[in-house]
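The values are calculated or read from the model by the stated rules, or taken from the named source; none is laboratory data. Everything numeric here is computed off the predicted structure, so don't read it as measured data. Note: ideal-geometry Cβ built from the backbone for every residue, glycine included; neighbour counts use all protein chains shown. What goes into the accessible areas is simple: the full protein's heavy atoms, side chains included, and nothing from ligands, DNA or RNA. Shrake-Rupley method; radii C 1.70, N 1.55, O 1.52, S 1.80 Å.
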Amino acid sequence: MIVFASICTLLVSAQNDKPSLDLLKSYMVGSYSSALQHERDTSYFNIELEMRRIWLKDTDGIWLYVEQATAKKKDKPYRQRIYHLTQQDDTTFISTVCDLDSMHLFTGAYKDIARFNGLKTSEAKPLPGCALVLHWRKGHFIGSTKENECKNAWGKATYATSEVNIGPQGMVSWDRGYDDTHTQVWGAEKGGYEFVKKKVAKARMPVPGN
């Protein structure tokens, strides 16, 4: 069971929605920040997360470019990934986590997704065991990686785990790395990162006479 603390106000339910790939995409695409959580608890970094849809004409699921960086080093992301979203059944979805050999060349591409047009989807290489299985639960997409199967880990970790709770206003993401003795060696210890979706700024309407 996935337990997340202090997120009642973050993950607003949308129980009238029906689960679909388009709904999952609409929940995930956007700009996010963990600034509020950082202000409340400085053991969590102020992280900015960007998710954008790419390869719009491809009909094999939905593809997202994901970029994560500290707010102070927005131009130097520490994580870049491609997610491939597919639907398994009426309430189950898969987010396959992929990498590119040339991923470092796409820093900042969330501002210009046309930069991916020269690539084929086949160039996005799935990271074995790192796919997230998401289930529709009361207006949220909730899921995790399969236990001990994601071997794509940093530093001293031999495997990593991910747990997510995705809602219409934000998401909670808890990534952790473990060594051979199943001791946690990186990642948040108290709970997941709380990413609040930023509101898109509306254009100012001209004032008559100005």
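Solvent-accessible area per residue for segment 108-190 at a 1.4 Å probe radius, Å²?
Result: 53 Å² per residue.
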Worksheet entry | Karplus-derived HN-Hα couplings along segment 112-123 (A = 6.51, B = -1.76, C = 1.60, θ = phi - 60°), whole Hz, x at Gly and Pro | 7, 5, 4, 5, 8, 4, x, 9, 9, 4, 5, 7
Worksheet entry | Net charge of neighbours whose Cβ lies under 13 Å from the Cβ of M103, counting Lys and Arg as +1 and Asp and Glu as -1 | 0
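Give me the tail of P(r) for segment 76-197 as a percent: Cα-Cα pairs with distance above 24 Å.
Values: 2492 of 7381 pairs.
Above the 24 Å cut-off, segment 76-197 has 34 percent of its Cα pairs.
What do the square roots of 5 times the Cα gyration tensor eigenvalues come to for segment 14-65, in whole Å, largest first, as semi-axes of the equivalent ellipsoid? Show your work: numbers first, answer last.
Values: eigenvalues 162, 50, 8 Å².
They are 28, 16, 6 Å, listed largest first.
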Worksheet item: So which lysines can K120 reach, going by Cα to Cα under 19 Å and dropping same-chain residues fewer than 8 places off?
Response: K57
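Could you compute the net charge surrounding G170? Neighbours are other residues with a C-beta less than 12 Å from the C-beta of G170; K and R count +1, D and E count -1.
With Lys, Arg at +1 and Asp, Glu at -1, the neighbours total +2.
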Worksheet, complete the sentence: Listed residues F93, F45, F195; largest mean-square fluctuation, Gaussian network over the chain with Cα springs below 10 Å, found at F45
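Give the shape of the chain as rounded, prolate or oblate, defined through the alpha-carbon gyration tensor: a ≥ b ≥ c are the square roots of its eigenvalues, a/c under 1.5 means rounded, and otherwise the shape is prolate if a/b is larger than b/c and oblate if not. Intermediate values should be presented prior to the final figure.
Values: a/c = 1.31, a/b = 1.19, b/c = 1.09.
Taking the square roots of the gyration eigenvalues as a ≥ b ≥ c, the chain is rounded.
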Discussion item. Probe radius 1.4 Å, ligands and nucleic acids ignored: give me the carbon and sulfur share of the accessible area of segment 57-208 as a rounded percent.
Written reply: 52 percent
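Can you give the Kirkwood hydrodynamic radius of segment 29-137 from its Cα pairs, in Å with one decimal?
Working: mean 1/r = 0.0666 Å⁻¹.
Evaluated on segment 29-137, it is 15.0 Å.
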Item to complete: Check cross-link reach from K72 to the aspartates and glutamates: straight Cα distance under 13 Å, and skip same-chain residues fewer than eight apart.
Response: E48
